[in-house]
1. What list do you get for ASP375, ASP332, ASP46 if you sort them by fewest beta carbons within 10 Å?
2. Mind checking the full-extension length gain between SER149 and THR474? Use 0.36 nm per residue of separation minus the Cα-Cα distance, one decimal, nm.
3. Per DSSP H run of n ≥ 4, the term is -39500 (n - 2.57); total these for the chain, divide by its residue number, and report the mean residue ellipticity at 222 nm rounded to 500 deg cm²/dmol.
4. When ILE453, ILE441, ILE382, ILE376 are ordered from fewest to most other Cβ atoms inside 10 Å of their Cβ, what list results?
5. Using a Förster radius of 22 Å, what is the FRET efficiency between ASP229 and ILE31 based on their Cβ-Cβ separation? Nearest 0.05, please.
6. Using Cα-Cα distances under 8 Å and only pairs 6 or more residues apart, what relative contact order does segment 275-501 have, in percent?
7. Of LYS72/LYS96; LYS430/LYS451; LYS328/LYS444; LYS72/LYS152, which ones are farther than 23 Å apart at the Cα?
8. Mean separation of Cα pairs under 8 Å and 6+ residues apart, divided by the residue count of the chain: what relative contact order is that in percent?
Amino acid sequence: MSLTERLLAWQQTLSTMRFPIRWRWMLLVSITVALAVLILSLILLDMEREAWLRSQSSQAKIMVERLGDEVKSFMLAGRKLDKTQVDIIVSGFREKVPTVLGIQVRYVDGELHGYGDIGEHPALQADQAPSQAPARRLSEDLWYVQPVSYAKTPVGSIAVRFSGDEWKHLANRFITGTLMVAIIVILLASIAAYLIATRMSRPLEALARAARHVADGDFSTRITLTGNDEITDAGRQFNHMVSELAHKEKLRDVFGRYLNPKLVNDVFSEENSAPLSHRQNVAVLFADMVAFTEFSENTASEEVVRVLNRHFELFHRIIDYYGGHVDKYIGDAVMAVFNHPHEDEAYIRHAAMAGLAMTHACRRLAEAEKSSKSDIQFRVGIHYGEAIVGNIGAVERLEYTVIGDAVNVASRMTGLGEGGEVILPQTAFKRIGDGFGFASIGRKTIKGIQKPINCGRLVAESEKVRVNLEHAVTLAMDLTAAAESQSADMAKGENAVEFEHI
């Protein structure tokens, strides 16, 4: 694996790792506090060293001046015996003062004597003139140099090297104390940062959970708002967004009951563009109630609506079962379209089976209710062909539907049959497939069509087709009964709640 591939793999691994905000905040605060403590410690340590050097320099000045006073008379004489006496005094001074590591004495004639540990970088050199050794305080290697004079006459120089062990002990104590304080401060700051970040991240986690629920389609999710900060503002906007999404979904559901589902999806899509008109091969089914005028005159309006809705509910489920779509309800009639909006290769066969299932459902419904008023029959007409699918109407009021000869012929077919019959042209029958029979009723003249059309009744002949029709009708009736039962239970619950409220 190349270096580039390793870097990409490492970046991908990091991007997939979950690093909670509370841990990020705790790490950030810990690093910040640690850096602050380190910088402050270095500054304080440097200030302590400067103070210690000043203190040591003051003490060194006193000691070196005293040593110079003791040896200057002997250094002035410069005799061998006098120099021996200087050696004795300096050696005694070094022994008395434990902080002194080494001493250098340089005479005016350039002779240089060293005592003790003078290190690798002595302060005085043998070839250094007296004027080149001015008085100076402690240097970095802790040398203190003091010129010696007798009655304003230079007699030499003395350099004393002091030990740094005391500073090391002081620095170690300072570093140890600072480290303990830093650990305590970092620990307390990290705990405080973790607790604060946890409190801040909880509403964010709640927001993430709520967003997942919304993504799964639960638009009843809301966030409990506490506080008055940016996170609360985000939660308030989230609740408003969910309310708008719930309202939009409710509108989609409501419009889906009245409009073509493809139209609803297009309207609520991100593009929000109206669907364009186009040509498409479709199968059209019309179902018209027999003797509706007489039935409506002799029946209460509420009962008429109930009967129609009961039949239309079954028709809708049957049409949906065979892949069709209810385009519209026209009074006592229903118009269904197959192969739109969903493509279906066997759309003509499915339209024919839906028509037969609808007539069969009427008989089953009459048997179930055992009422003369429920003995309702529908005439079904079917045809296929190319139609225009698009928006029809005015700018202020449009209807998304299909128009064409196939629609007109299917509508005329309903007037050629009796109750419980499916009428279709022979050309449509030939496109249905096996399992069906065609009982011709002769050539009929259709308004708007120049040539007569050979029409006939559709009959289910094969056992396979009849079993399928029976299954479709049974399923539609079971679903309808379950929906009615659920609606009744909800109505009882609403009444009970209203009663308790009162």
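1. Fewest-to-most Cβ neighbours within 10 Å comes out as ASP46, ASP375, ASP332.
2. On the way: separation 325, 0.36 × 325 = 117.00 nm, distance 12.92 nm.
Stretched out fully, the SER149 to THR474 stretch lengthens by 104.1 nm.
3. -19500 deg cm²/dmol
4. With the fewest neighbours first, ILE453, ILE441, ILE382, ILE376 line up as ILE441, ILE453, ILE376, ILE382.
5. 0.30
6. Numbers: 393 pairs, mean separation 49.2, N = 227.
Across segment 275-501, relative contact order equals 22 percent.
7. LYS328/LYS444
8. On the way: 661 pairs, mean separation 49.6, N = 502.
It rounds to 10 percent for the chain.
Every number here is computed from the coordinates shown, using simple stated rules; none is lab data. Since the model is a prediction, treat every value here as computed from it, not as a measurement. No Cβ is skipped: glycine too gets one built from the backbone with ideal geometry, and neighbour counts run over all protein chains shown.
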